[in-house]
Each structure stands twice: as C-alpha cells, then as structure tokens.
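The next block holds one structure in the form of structure tokens; read it before the comments.
Values quoted throughout were computed directly from the atomic coordinates according to the rules given, and no laboratory measurement underlies them. Everything numeric in this text was worked out from a predicted model, so none of it was measured. Because the Cβ atoms are built from the backbone with ideal geometry, glycine has one as well, and the counts that use them run over all protein chains shown.
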Amino acid sequence: MAEYENRVRSVGATGAVAIDEGLRAYMLRVYNYMLMGLALTGASAWAVLNIPALQALFFTLEGGVLAPSLLGWIALFAPLGLVFFLSFRVHAMSFSTAQTVFWIYAGLMGIGLAPMFYIYTAASVAQVFFVTSATFGAMSLWGYTTKRDLTGWGSFLFMGLIGIIIASVVNIFLGSGTMSLVISIIGVIVFTGLTAYDTQKIKESYDVVSHDGQLAGKGAIMGALSLYLDFINLFIMLLRLLGDRR
C-alpha cells in the first residue's frame, strides 16, 4: 500500500513539473513574439525617420511636423483594422497566417509612430523606453506570480480604456493641454493594470490551448499582441508625460 501511494505521489509530482515546464515555455514564447514585434516596430520607425526616400513615401515635412501622405494615412489606420481582423478571425487562420499578420501589424505600427518619435528627442525616447520596460516587466511579473484573482479588474480597466478613447477623440477638437495631461495620467494607470491582468489571463489560457500545437501557437500570438498593445500604449502615455520635445 505504501509503495502504491509513493508511486501515485511520484506520478503526480512528475505531471506537475511537466505542466510547469510547459507553461514556462508557452509564456517564454509569448514574450519572445512580443519582443520581436517591438523590435520590428522600432526598426520600422527608425527606417522611416532616417531613410529620406522612405520618409517621403509616407510623410511630408510641414512646419517641423511629419504630415502623412495617402500611404501614411493608410499606415496610421491599417493597424486598427489588423487588430480587429486578427482578433475575430484568428480561429479560422493557420498559425503561419496569424504570425504573418502580427509581423505586418508590428511593422505598420512603427511607420505610424514615426511622427511621434520625430517630435521628441532621441534621448527622451530612450529614457521613456527604459522606464516603460521596467514598469511593464514589474507588472507582468506580478501578474504571472500573484495568487490574487485579477478577473475583477477586467471590467474596470475596460471602462477606463473606453473613457480614454472617447476623451482622446474629443480632445482632437478641443486641443486642451490639461485634458491631454489627464488622459496620459489615466492611461498610465489603465495600461499598467492591463499588463498584470493580461499576463494572468494569458497564463490561465495555457490549459485551454496546450493540447494542440496550432492552437498553442495562435494563442501565443494573441497573447503577444495583448502585451504588445499594453507596452506600446504605456510607452506613448509616458512619453507624453515625460518626453522632451525637440
């Protein structure tokens, strides 16, 4: 009897270790996709800002500001369409297609962010990037390790996100510096919270996708997209607050 119980414990422990190793590998895959997406975005923005022919293709310089051309407007709005397309159609895609759409999205985001990077000094962009990385890393680690259920944060953070979007659209017409400051502060809070919330949600999704390689691959892409969006938006909000304009 004692020998049987020892075998049961041994099998149980082995299963737990296997699941834990599988989860770590899955999360590492998510973070790798996210980091490669950020690298592609940075390379794309750098290319637009430093290669005159490429810059002229998407933007024209007017009064010290990069004004989008027709292709520039397409690059600015196409990522929004790709996010919805990937979110609603990922179940019908192959893993390779989902991955390709993610890379295209990340590249277009770099083109769309180029005018913002043009406004701020390179030093302040680098400083804000490191601040964003530290904040994101700390909150994502906490979201992964905490035993607290963050599900209740979802509705609160979603309402905050909707409020930010509405206020940002309104402020396009008002041009209020005070409102812009408030939006940026609230945005930092919301996207910091979303980083922890999304990390925990991705971790919990592993049990659903782990049995199928294609499903796990697409799950990793969607998880990377969620964390990528959290990072980029947190970076933009912090840049508005802390960045030094040229």
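In a GNM of the chain with a 10 Å cut-off on Cα contacts, which of PHE173, PHE136, PHE191 has the highest mean-square fluctuation?
Highest fluctuation among the options: PHE173.
Zone of ARG148 (label point 7 Å along Cα→Cβ, backbone N under 16 Å): which residues in segment 187-227?
189-201
Per residue, how big is the convex hull around the C-alpha atoms of the chain? Give it to me in cubic angstrom, could you? Mind showing how you got there, number by number?
Values: hull volume 35.7 nm³, N = 246.
Convex hull of Cα atoms, per residue: 145 Å³.
Taking only Cα atoms, what is the 0 to 90° angle, nearest 10, from helix 95-119's long axis to the longest principal axis of the chain?
Approximately 40 degrees, to the nearest ten.
Can you tell me which lysines have their Cα less than 19 Å from the Cα of LYS218? Leave out same-chain residues fewer than eight positions away.
LYS201, LYS203
Under a Cβ-only charge scheme (Lys and Arg +1, Asp and Glu -1), can you give me the dipole magnitude of the chain about the Cα centre, in debye to the nearest 20? All intermediate terms of the calculation are to be shown ahead of the outcome.
Numbers: 13 positive and 12 negative charges, 48 e Å.
In debye, rounded to 20, the chain gives about 240.
Using Cα pairs under 8 angstrom and six or more residues apart, how large is the relative contact order of segment 162-245, in percent?
Numbers: 44 pairs, mean separation 32.7, N = 84.
Relative contact order comes out at 39 percent.
Taking the chain as the reference, fit the longest principal axis to its C-alpha atoms, fit the long axis of helix 70-89 to the helix C-alpha atoms, and give the angle between the two in degrees, 0 to 90, nearest 10.
Once rounded, one gets 20 degrees.
Place +1 on the Cβ of every Lys and Arg and -1 on the Cβ of every Asp and Glu in the chain, take the dipole about the Cα centre, and give the residue among ILE111, LEU229, VAL65 whose Cα lies farthest towards its positive end.
Of the candidates, VAL65 comes out farthest on the positive side.
Using the eigenvalues of the Cα gyration tensor, what equivalent ellipsoid semi-axes result for segment 27-121 when each is taken as the square root of five times the eigenvalue, whole Å, largest first? List each step's numbers first, then the result.
On the way: eigenvalues 148, 45, 19 Å².
Result for segment 27-121: semi-axes of 27, 15, 10 Å.
Which of SER210, SER226 comes first, and how do the rest follow, when ranked by fewest Cβ neighbours within 10 Å?
Numbers: SER210 16, SER226 20.
Ranking SER210, SER226 by Cβ neighbours within 10 Å, fewest first, gives SER210, SER226.
In debye to the nearest 20, how big a dipole does segment 145-222 give about its Cα centre with +1 on each Lys and Arg Cβ and -1 on each Asp and Glu Cβ? Present the calculation step by step, with values, prior to reporting the outcome.
Numbers: 5 positive and 5 negative charges, 25 e Å.
Roughly 120 debye, rounded to the nearest 20.
Could you check which residue among ASP198, ASP20, ASP230 shows the biggest mean-square fluctuation in a GNM of the chain with a 10 Å Cα cutoff?
ASP20
Compute the acute angle (0 to 90°) between the alpha-carbon long axis of helix 213-242 and the principal axis of greatest extent of the alpha-carbon atoms of the chain; round to the nearest 10°.
40
Multiplying the sequence separation of ILE104 and SER168 by 0.36 nm and subtracting their Cα-Cα distance, what value in nm do you get?
Working: separation 64, 0.36 × 64 = 23.04 nm, distance 2.57 nm.
Additional length available on full extension: 20.5 nm.
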